[in-house]
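Undergrad: Before we start, here is the structure in question, set down as structure tokens.
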Amino acid sequence: MTESEPENDFVEIGRKLFAQNCEFIWAADKIGGLPPMGPVEVAFAGRSNVGKSSLLNALTGRKTLARTSHTPGRTQQLNFFALGPDPQAPLLRLVDMPGYGYAAVSKEKISNWTRLMQDFLRGRASLARVFVLIDGRHGLKEVDREMLKRLDQAALSYQIVLTKRDEVKQAQVDKTIEDAKAVLRTHPAAHPDVIFLSSHKGEGLAELRASVARLLFERDRTIFQPAQIG
Ligand code: GTP
Ligand code: MG
């Protein structure tokens, strides 16, 4: 593939990438408990209950890979999943993060999660992008803006993903995307594209998979040799 290959190719590569074997490999609940760096990682962050774990399941087509819940605060650790034919040497790691902005857990827990998150986001060379999930019904909140600032400070690549599109009226979809893009204009480090998806209905998943595939390709062009992913 060359740099001039159309975006369509990344949709197809993304589809194949996420059709690979995927398994849970590691949970970190304290600083210093992170897995050794190695494969490229992409992480899913966002407020509690925004749909991070559901998205991981939808992307990989596995209903129960990551635990989801109607009540916020379900994911309490950094959960690492290996994607690729060989879990020991995966093509990619997916990282499901605990949610932020959830007031109904103890201060101690919140401070632990925050430190864990910051520890992970700081100085993790293998972390290629953080997808910041925003509930598409509500748009960006103050805690989300704080998260974006933190990502700016950590000099990480990040991209906004709006969730629960199935619950948003079509007329509101474009406006919500425009509003998010307006916020991003004040964050030059952010990826300018905004994806609005539904894990329940599947809309937008192909676009996100393509975005991850492109990212991997940009990091390591040998990764998509037919033997690895064909
Ligand atoms: P924490 O781990 O608590 O931070 O939450 P999370 O961000 O991992 O959210 P989770 O995936 O557990 O989903 C929270 C709720 O949102 C569940 O009730 C899901 O069914 C619901 N949800 C997730 N994705 C979608 C979606 O695409 N559409 C709709 N309508 N609901 C969704
Ligand atoms: Mg979760």
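Undergrad: Return the residues of segment 19-72 that are among the hydroxyl-bearing types (Ser, Thr, Tyr) and within 7 Å of ligand 1 (Cβ to nearest atom); say none if nothing qualifies.
TA: We begin by selecting, within segment 19-72, every residue among the hydroxyl-bearing types (Ser, Thr, Tyr); these are 48, 53-54, 60, 64, 68-69, 71.
Passing the criteria: 48, 53, 54, 68, 69.
Undergrad: Within segment 73-90, track down each residue that is surrounded by fewer than 22 Cβ atoms within 10 Å (Cβ to Cβ) and either near ligand 2 (Cβ under 9 Å from one of its atoms) or among the acidic types (Asp, Glu) (or both).
TA: Residues satisfying the conditions are 73, 74, 76, 86.
Undergrad: Within segment 8-61, which residues are assigned to a loop (DSSP other than H, G, I, E, B), within 16 Å of ligand 2 (Cβ to nearest atom) and within 16 Å of the chain's Cα centre (by Cα)? Don't jump to the end; show me each part of the working.
TA: Kept after step one, since they are assigned to a loop (DSSP other than H, G, I, E, B), are these residues of segment 8-61: 19-21, 29-40, 48-51, 61.
Those still in the list that are within 16 Å of ligand 2 (Cβ to nearest atom) too: 29, 48-51.
Correct list: 48, 49, 50, 51.
Undergrad: Here's a follow-up. In this structure, is residue 101 of a type in the set (Gly, Ala, Ser) and within 14 Å of ligand 2 (Cβ to nearest atom)? Spell out how you get there, then give the answer.
TA: On the way: of a type in the set (Gly, Ala, Ser): yes; within 14 Å of ligand 2 (Cβ to nearest atom): yes.
Taking the combined requirement at face value, the residue satisfies it.
Undergrad: Do you know which residues across segment 142-171 are under 19 Å from residue 189 (Cα atoms), loosely packed, with under 14 Cβ neighbours inside 10 Å and not polar (S, T, N, Q)? First the steps, then the outcome.
TA: Here is the first cut: in segment 142-171, the residues under 19 Å from residue 189 (Cα atoms) are 142-162.
Filter once more, so that each one left must be loosely packed, with under 14 Cβ neighbours inside 10 Å: 142, 145-146, 149, 153, 155.
If the condition is that a residue be under 19 Å from residue 189 (Cα atoms), loosely packed, with under 14 Cβ neighbours inside 10 Å and not polar (S, T, N, Q), then 142, 145, 146, 149, 155 are the ones that fit.
Undergrad: If we scan segment 157-168, do we find a residue that is within 16 Å of ligand 2 (Cβ to nearest atom) and among the polar types (S, T, N, Q)?
TA: Of segment 157-168, the ones within 16 Å of ligand 2 (Cβ to nearest atom) are 161, 163-164.
Next, only the ones that are among the polar types (S, T, N, Q) stay: 163.
Yes, the conditions are met somewhere in segment 157-168.
Undergrad: Which is touching a residue at least 24 places away in the same chain (Cβ under 8 Å), among the basic types (Lys, Arg) and either assigned to a helix (DSSP H, G or I) or more than 16 Å from ligand 2 (Cβ to nearest atom) (or both), of 201, 181, 175?
TA: Just one listed residue meets the conditions, 201.
Undergrad: Also: Identify the single condition in (1) touching a residue at least 40 places away in the same chain (Cβ under 8 Å); (2) more than 10 Å from ligand 1 (Cβ to nearest atom) that residue 79 does not satisfy, given that it satisfies every other one.
TA: Here residue 79 clears every test but (2).
Undergrad: Here's something else I'd like to know. With (1) surrounded by fewer than 18 Cβ atoms within 10 Å (Cβ to Cβ); (2) on the phi > 0 side of the Ramachandran plot; (3) not acidic (Asp, Glu) as the list, and residue 138 as the residue in question, which single condition is left unmet?
TA: (2)
Undergrad: Which residue pairs have Cβ atoms under 7 Å apart, sit 6 or more places apart or on different chains, and have a first residue in segment 145-168 that is at positive phi and a second that is at pLDDT 95 or above and of a type in the set (Asp, Glu)?
TA: Short answer, once both residue conditions are applied: 164/135.
The values are calculated or read from the model by the stated rules, or taken from the named source; none is laboratory data. The structure displayed is predicted, hence computed values, not measured ones. Glycine gets a Cβ as well: all are built from the backbone with ideal geometry, and neighbour counts include every protein chain shown.
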